[in-house]
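In what follows, a structure is listed as structure tokens, so that the remarks can point back to it.
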Amino acid sequence: MSAPKIKKCPRCPQTTIHQHYKVHNGLQTCQTTDFVINGENVKDEDTWPGFPLVSNFTEEADAGAIGHCLDQLMCDDGEVQPAEIQQIAEKLLVAAMVGDKTYQGVPLAKELLEKAVTVYAFPPAFQQTVQAAFTKRVSEKKAAKAVGKGMKNLAIQDTDSLPANSTTDKDAPTAQPPQPPQESAATALHQTAGTQPAQFGVPGAKTELELYAARPAREANIITGKVVTNHFAVTLKPGHVLYEYEIQGLENYTGISAPKQRKFIERFIQQSPFLAQQPQDFATDGKRIIIAFKDLSTWNQNPAITAPGMVDQQGVPDFDRDQVNTTLRSISLNLVHTRVIDLNGLSQYVHGNNQQYRETGAAQAMNILIGKGVRDNNVNNTNNNTHAFQIGDHRFFTPSHFRLLPSHMMVAIRGFFSSIRPGINCVLLNVNTVASAVYRQATVAKYIQDGPGYPGFYTNTDAQKHLIRLRVRILYNRNKPGETDMWKDSAEGRIKTITGFSHDDAEKTEFQDRAGNSVSVWNHFRMAYPQAVNAAGLRGKQICVNTRGNDPTKPRLACWFLPDQLEVLDKQIYRRTLDRLGPGLTDAMITFASQPPEGNRTTIINHGLPALALSGQGQQPQVLTRSGISVATQMLTVPVRRIQFPGIRWKNNPNDPTKDAKWSTQGKHFFNTDKLMTGPIIFCTSTDMTNPAWAGDYMVNFKGAFTLNGIVSPFAISPTWLTINQWDVTNLHTHLNAPARRNAGLFVLVLPTQDAKNRQRHAAFRQVVDQMLGKPSLVFCEARMLGSMKTSEQRQRPSNKSLIPYMANNAMKLNVRLGNINHSVAKHHLSFLSRNGVCDTLVLGADLIHPKSNSADYCPSIAAVVGSVDDDYGKFLGSVRRQPRGSEIIDPQNMRTMVLERIKAWAAHPAHVGRRVPARILYYRDGVNDTQYKDIRQHEIQAIRLAWQEAANDREKLPEITAVVVTKRHNTRFYPAPGALVNHGKTSNGNCMPGTVVDSDITSPYYFDFFLQSHVPLQGSAKPTHYFVLENGMNFSAVELQDLTNTMCYLFAHSTNAVSYVSPAYYADKLCERAALYLKSFFDGPTNPPSTQQAQMTAMDNEWNRGGQGPNNNPWNARFNDKMFWM
């Protein structure tokens, strides 16, 4: 007997179901109105768990995303179990977020979803009432039949409203995405009904298997060659499992630094009886994870440990730094079993035999085992050339391969990145060369002497910051006659961390001793440790080094040493950019790190594998052998396809072929030069110009390059010169906006170098010309101009033509910033973006930039979206917004408004007259890792849909969207196959040919992704870009999307070569950098911030709003809304 249908809403019985989404704010009212159950008031936050309030949407029509499933709420035969309901409801939530009403191409049964909403979306007091309607239990077969009937008869019929990559049985693609695990009764019902198995997400479960575009079927006869890649095949013997354990308890204590946490982990292992006695039976990441080859719970002999999963419990001592053999507290730590890792599942997954496999830590566990193999190799191997130390989870450095850098006591060292990852038909080990700058092992006194010296070091905060937080070793023995504390002078007891420096010298810096007496640091050491003082220089005139609290109001908390007595430990990575320290360091580091492809390959084979203890010769680390893991010693060779170079289109040459992905502007007229300068040119510089006598030469060379490519100026090109003395924004604006300069058509800033002082000048200049004046601008750097000259004779004095290449590039920038287009590509290379000869595709690019560690606490992240406007894809316009600091996902509201601006700009172009919106959108998203793919699709791509619907004024239709994640931060490299010839497999500098595509072997076993090397690097080994397709609503084949993406790399506005990744994403990256300049004082960390948070936010709003478009809109002058001013 069927339960009665519910016509009224149980949440608000006075309302019929259909009113929730057909009446303005109907569902929102149901969600947000308090109501009474049994006389008790229930708040709205206790209802609709897990569902977003409809108030988050823009109009009542958006309620259909959830409200559609409430129509004709039904309660038929059969009982749906609560756990099952929760799974279905979670799936409903995902469907509502991504606008996808199908699962694996099968329409979701409305009946099933409505049951979920009926029971799960209403508060607990109603659940019993609603569940009571399902009183008659029926067999699973009957329930399956009912659901199958519902899927056939009650499925959502309006397929036009589905995303373009959603499928029904009628248009199911030939290449199906992987099927998720078979779970729950709901899955069984679908299987019985003869449909594909479906897994409805539960809280915490990974549902990515259903969210991304499936790999298209491979086209025949497209492979054109082979390349070598820095991946090694990993063999997993069947039948092996690993046991993962976690050392828990440190999360209960605050204020423990990462090095100290690692020390507690070491002490725990040393104290644990079975861990200390069996070091070869497990490996650790040094932080919290232990991977064992056997079940450690069988070793536990402590009857007091009865908690489920707990294997051991130890109280680890936290020693007092001052009191001998005194324990401040005991840190309670537990060893807890977390999971069993089945390596067979990973092996089956990569071979296509276990599509349901979910990553449960197998790759992480194998990385931990490799790290242990490296440490064991250091102990057992006497060859220092293969010794390596580990930094982080994946990097191993070899101190024997180093080069001294020119200043600041820095050393460049080479190392190797190592990481396990799944491939196609094989588990892979990715190994690449890395390089980093480390601090040289030397006394603090030596660092001071090598830097500013005395007395400059006292006031040089940059020099002090360079040393603060470094770990140092005490060089003298602190045990006094008669003392027996061996720990104080042990290797561990000698280690300290620099926290600050004194404001005066050692003779004048005082502290309170244990008796409460004030004593100078110099006198203390002179009396207590005369030998240490006798070895010190300057005799009390040196600065003091603090290794404890650095609060000047609490001198008792300081712990002072003399700089001669402390030695900076080796193997400490410099974690900032080297240009912060001084000129020349970055160039020296790049020279050391850059290796040609063959050099990079042989370094990995000859030095990397031995450092990782994987050099072959029949011997691999015991830790891997015991786990059934073996690593090949030869790099993989993989098939490739090479894309032909697209021809470049100019105004006077419609198809100019390229060579090695490069071309020349010589004799070419820019594609479009219609937008002209509106006034004369003003050159600006400072009083510290490097070569003031060359000012005329700079202008002559600029004039010579200005008109080479068809740029026309209605004004005489006779620039005037303006010298700026004060570079604050107010003074600079006064100078540039003076009555005599208000009609300027172009401002050109000439800076001597790119050091910190001149970067600040550059930011102030951009704030004035971009935001306050809205005038086109260029920036010249004398150091770079000098570097562009080819001969030493030219560098003595630039001739009329010696700077033409440098100036020609700036002429390209100027033409773009005026609103024009420099070049495009042959039309047929863009045919994928048109249908029936009509271009109907908007191309978007997006990126984010985040504050630095020293930025103001309230400094925001900045998101940028750029969009094409013309059918030649030579011009993109942009939008930016601020959002909460550190968020990697663009705020949906920001995303919606920015995309809406881009759609309107596309529609405003003369080529698109009469069309409100593009039919299709190709979205390139830069800068996210694979853990964020799901959020990109649920939030950003959904926001694109909402913006399109708002622009179209049509809530029933949806655009066709293809969304691609662009990743540059990876360690995959390609090398030409042995025997490859120049221009036939490799370039003149030894790299693979541009246009090299790899979409097999090292890519995802199931999803649509590929690697593309589109460029030829100036030096070193080329890094291909990884492209991962989240959605493929435009139904690109692999070849089509790869070819189009490669073509987009040839459209970068002011480049004469293909760039390394797709231009729209590159544009968004550059726009983020430009917008960050407007808040440079906050990104750099304000020196004198406002006193209150409200005042700080107001100050930041004011700086963002210099352009006058509002604090929540674009920060530049409105005159730039139709120009690529940032390029």
Residues in segment 367-375: is at least one open to solvent by 30 Å² or more (accessible area, probe 1.4 Å) and without any contact (Cβ under 8 Å) to a residue 60 or more places away in the chain?
yes
Determine which single condition Met689 fails, assuming it passes every other condition in (1) modelled with pLDDT of 85 or more; (2) open to solvent by 10 Å² or more (accessible area, probe 1.4 Å); (3) under 22 Å from Ala783 (Cα atoms); (4) not in a loop (DSSP other than H, G, I, E, B).
(4)
Out of Ala442, Ala515, which single residue is in contact with a strand residue (DSSP E or B) (Cβ under 9 Å, 6 or more places away or on another chain) and among the small types (Gly, Ala, Ser)?
Ala442
Pairs under 6 Å by beta carbon, first residue touching a residue at least 12 places away in the same chain (Cβ under 8 Å) in segment 590-613, partner part of a helix (DSSP H, G or I) and open to solvent by 10 Å² or more (accessible area, probe 1.4 Å), six or more apart or different chains?
Pro610/Thr386; Ala611/Thr386; Ala613/Asn377
Among the numbered criteria (1) under 30 Å from Ser664 (Cβ atoms); (2) part of a loop (DSSP other than H, G, I, E, B), which one does Lys852 miss?
(1)
Residue selected from segment 941-971 under the condition in a strand (DSSP E or B) and of a type outside the set (Val, Ile, Thr), by the criterion surrounded by the most Cβ atoms within 10 Å (Cβ to Cβ):
Ala963
Within segment 417-443, tally of residues that are within 14 Å of Asp393 (Cβ to Cβ) and in a loop (DSSP other than H, G, I, E, B):
0
Subset of segment 241-255, residues touching a residue at least 12 places away in the same chain (Cβ under 8 Å) and either open to solvent by less than 30 Å² (accessible area, probe 1.4 Å) or among the hydroxyl-bearing types (Ser, Thr, Tyr) (or both), comes to Leu242, Tyr243, Glu244, Tyr245, Ile247, Gly249, Leu250, Tyr253
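For every residue, the table says whether it meets (1) buried (at least 20 other Cβ atoms within 10 Å of the Cβ); (2) under 14 Å from Arg973 (Cβ atoms); (3) free of Cβ contacts under 8 Å to residues at least 12 places away in the same chain; (4) not aliphatic (A, V, I, L, M).
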| residue | (1), (2), (3), (4) |
| --- | --- |
| Phe417 | no, yes, no, yes |
| Gly423 | yes, no, no, yes |
| Leu428 | yes, yes, no, no |
| Thr433 | yes, yes, no, yes |
| Ala437 | yes, no, no, no |
| Arg440 | no, no, no, yes |
| Lys446 | no, no, no, yes |
| Gly453 | no, no, yes, yes |
I want to confirm something. Restricting to segment 268-298 and keeping residues that are of a type in the set (Ser, Thr, Tyr) and open to solvent by 50 Å² or more (accessible area, probe 1.4 Å), which single residue is nearest to His337 (Cα to Cα)?
Ser297
Return only the number of the condition from (1) without any contact (Cβ under 8 Å) to a residue 40 or more places away in the chain; (2) crowded, with 21+ Cβ neighbours inside 10 Å; (3) outside any strand (DSSP E or B) that Phe1010 does not satisfy.
(3)
In segment 564-580, how many residues are more than 22 Å from Val521 (Cβ to Cβ) and not in a loop (DSSP other than H, G, I, E, B)?
4
Test result for Gly979, more than 25 Å from Arg916 (Cβ to Cβ), open to solvent by 30 Å² or more (accessible area, probe 1.4 Å) and over 27 Å from the mean Cα position of the chain (by Cα):
yes
Scan segment 653-665 for residues that are open to solvent by 50 Å² or more (accessible area, probe 1.4 Å), part of a loop (DSSP other than H, G, I, E, B) and free of Cβ contacts under 8 Å to residues at least 24 places away in the same chain and jot them down.
Pro657
All positions within segment 907-938 that are in a helix (DSSP H, G or I) and either buried (at least 17 other Cβ atoms within 10 Å of the Cβ) or hydroxyl-bearing (Ser, Thr, Tyr) (or both):
Ala907, His912, Thr931, Tyr933, Lys934, Ile936, Arg937, Gln938
Can you find a residue in segment 812-820 that is without any contact (Cβ under 8 Å) to a residue 60 or more places away in the chain and touching a helix residue (DSSP H, G or I) at 6+ places or on another chain (Cβ under 9 Å)?
no
Scanning for something at pLDDT 95 or above, touching a Lys or Arg at 6+ places or on another chain (Cβ under 9 Å) and either open to solvent by 50 Å² or more (accessible area, probe 1.4 Å) or more than 23 Å from Ala1022 (Cβ to Cβ) (or both), does segment 1064-1074 turn up at least one residue?
yes
Take the residues in segment 629-644 that are buried (at least 18 other Cβ atoms within 10 Å of the Cβ) and touching a helix residue (DSSP H, G or I) at 6+ places or on another chain (Cβ under 9 Å), then tell me which one is farthest from Gln1042 (Cα to Cα).
Ile629
Could you figure out which of (1) at pLDDT 95 or above; (2) within 30 Å of Ile420 (Cβ to Cβ); (3) touching a Leu at 6+ places or on another chain (Cβ under 7 Å) isn't true of Arg937?
(1)
Quickly run through segment 488-545 and pick out the residues that are assigned to a strand (DSSP E or B), among the hydroxyl-bearing types (Ser, Thr, Tyr) and either under 20 Å from Tyr454 (Cα atoms) or open to solvent by less than 20 Å² (accessible area, probe 1.4 Å) (or both).
Ser502, Ser520
Considering (1) of a type outside the set (S, T, N, Q); (2) modelled with pLDDT under 95; (3) open to solvent by less than 20 Å² (accessible area, probe 1.4 Å), say which one Met1097 fails and leave the rest.
(3)
Does segment 800-815 include one or more residues that are open to solvent by less than 10 Å² (accessible area, probe 1.4 Å), touching a strand residue (DSSP E or B) at 6+ places or on another chain (Cβ under 9 Å), under 30 Å from Val838 (Cα atoms) and not β-branched (Val, Ile, Thr)?
yes
If you go through segment 1037-1059 one residue at a time, do you hit one that is under 30 Å from Phe592 (Cα atoms), buried (at least 23 other Cβ atoms within 10 Å of the Cβ) and either at pLDDT below 95 or among the aliphatic types (A, V, I, L, M) (or both)?
yes
Val1016 meets each of (1) in a loop (DSSP other than H, G, I, E, B); (2) touching a helix residue (DSSP H, G or I) at 6+ places or on another chain (Cβ under 8 Å); (3) surrounded by 19 or more Cβ atoms within 10 Å (Cβ to Cβ) with one exception, condition (2)
Can you find even one residue in segment 895-905 that is at pLDDT below 95, more than 25 Å from Phe1036 (Cα to Cα), over 21 Å from the mean Cα position of the chain (by Cα) and β-branched (Val, Ile, Thr)?
no
State which residue is farthest from Val631 (Cα to Cα) when the search covers only segment 376-404 and only residues that are open to solvent by less than 20 Å² (accessible area, probe 1.4 Å) and touching a helix residue (DSSP H, G or I) at 6+ places or on another chain (Cβ under 8 Å).
Thr398
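The values are calculated or read from the model by the stated rules, or taken from the named source; none is laboratory data. Everything numeric in this text was worked out from a predicted model, so none of it was measured. Note: ideal-geometry Cβ built from the backbone for every residue, glycine included; neighbour counts use all protein chains shown. For the accessible areas, the whole protein counts, side chains as well, though only heavy atoms, and no ligand, DNA or RNA atoms are used. Shrake-Rupley method; radii C 1.70, N 1.55, O 1.52, S 1.80 Å.
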